[in-house]
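> Can you read through this structure? Questions will come right after.
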Amino acid sequence: MARILLIDDDDAVRTMVGLALTNSGHTVVEARDGQEGLELFPATAADLVITDITMPKKSGLEVVRTLRERQPTVKVIAMSGDGRIAAEHPLDIARRLGAVRVLAKPFSCVTLMEAINDVLPDSTADAIGG
């Protein structure tokens, strides 16, 4: 199982994703925003970082960029419910900055576990409920 740093400012999303991850046997460290996530990262020894994009203090894009500078091999999954019409979607920017997978909110637990299995094939993450 993996050690995962989960960064999201939305309490409900953080709780739902955190429960899905812990129920699948992963160790989860939670952060309420990008700044807290970056502060916690060095001590977590995380195999994977899952970060929201739109957050106060430091955005998920800043998180992805900073993690790539600090530890280029860390795997990052970016997620966003930002449906704005813009020149470039925030998830596309996250991918360009180095996120290995992106998830558009809302997503299912099955989709989350599939993404983790793709990113960390040795994690043996199983979907909740089948």
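> What's the extension gain from Asp118 to Arg95 if we count 0.36 nm per residue and subtract their Cα-Cα distance?
Between Asp118 and Arg95, full extension yields an extra 6.8 nm.
> Which order results if Thr51, Thr66 are arranged by neighbouring Cβ count within 10 Å, fewest first?
Thr66, Thr51
> Relative to the present Cα-Cα distance, how much length would full extension add between Lys57 and Met1 at 0.36 nm per residue of separation?
So the chain would gain 17.1 nm between Lys57 and Met1.
> Report the label-to-label distance for Glu39 and Ala12 in nanometres (one decimal), using points 7 Å from each Cα along the Cα→Cβ vector.
Using points 7 Å along Cα→Cβ, the separation is 2.7 nm.
Coordinate-derived values only; no laboratory data. Just so we're clear, the structure is a prediction, and the values are computed from it rather than from any experiment. Note that we place each Cβ from the backbone using ideal geometry, even for glycine, and neighbour counts take in every protein chain shown.
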